[in-house]
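Every read-out reported here was derived from the displayed coordinates using simple, explicitly stated rules and does not represent laboratory data. Keep in mind that this is a model prediction, so the values were computed, not measured. All Cβ positions, even for glycine, are placed from backbone atoms using ideal geometry, and neighbour counts span all protein chains on display.
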Amino acid sequence: MPDQKTDAYELQLDAMRQIMTALKPLDKEGQLAVLSWVDSQIGRVAIQPQVNEQVQRADVASGSKRPGTVSGVAQKLGANSCRTLLASAATYLTLYQAKDSFSRDELIASAKEARSWKAEYSNQMATQINRLLDAGTLFEKSKDVFSLSEDHIKDVSAKLGAA
């Protein structure tokens, strides 16, 4: 016999299915408008992302790739150290390769593709990745699987310009 907790959980799942069904035919802008209205109806204050950030995340979610190279991203972001090169590689993977998450190996391989990669950076990689995690630039979704923070995407969008 189901308990109240299970019933409440099932009701929540049903509400989520209905919302997703209703949002599916709408474009991203329409979806955001509906969700903003829902937020206002239930008294929830949502932080409104900037349009640029919405477009960037929509590109990642839809699998759209931007033209460019990791060297180009590193140059535009002024990467001049192992840490900034790793951050540039994470940016490249997220915004240019449309990866919402990526492995440690993918991050390192992408960083090594950059023209500004130096052999001595190989000894610093683990420490610098940890520093990017501590700074909130990267999030570790699971062991050795990372994603780029929304704040970092917002910060670099202006420097990278429109694709």
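By the equivalent-ellipsoid construction on the alpha carbon gyration tensor, region 4-48 comes out with semi-axes of 23, 15, 6 Å, ordered largest to smallest. The distance between label points at E150 and A22 comes to 2.1 nm (points 7 Å beyond Cα on the Cα→Cβ vector).
The convex hull of the Cα atoms of region 64-160, projected and averaged over all directions, covers 5.5 nm². The protection proxy used here, the mean number of other Cβ atoms lying within 10 Å of each residue, ranks peptides 98-111, 141-154 as follows, highest first: 98-111, 141-154.
By the rule of a C-alpha distance below 14 Å, with chain neighbours fewer than 8 residues away ignored, the aspartates and glutamates paired with K112 are E120. The phi torsions of region 113-120, fed into the Karplus equation with coefficients 6.51, -1.76 and 1.60 and a -60° offset, translate into couplings of 6, 5, 4, 8, 5, 10, 4, 5 Hz, rounded to whole numbers, with Gly and Pro shown as x. Cβ-Cβ distance of D39 and Q4, R₀ of 35 Å, FRET efficiency by 1/(1 + (r/R0)^6): the value works out to about 0.85.
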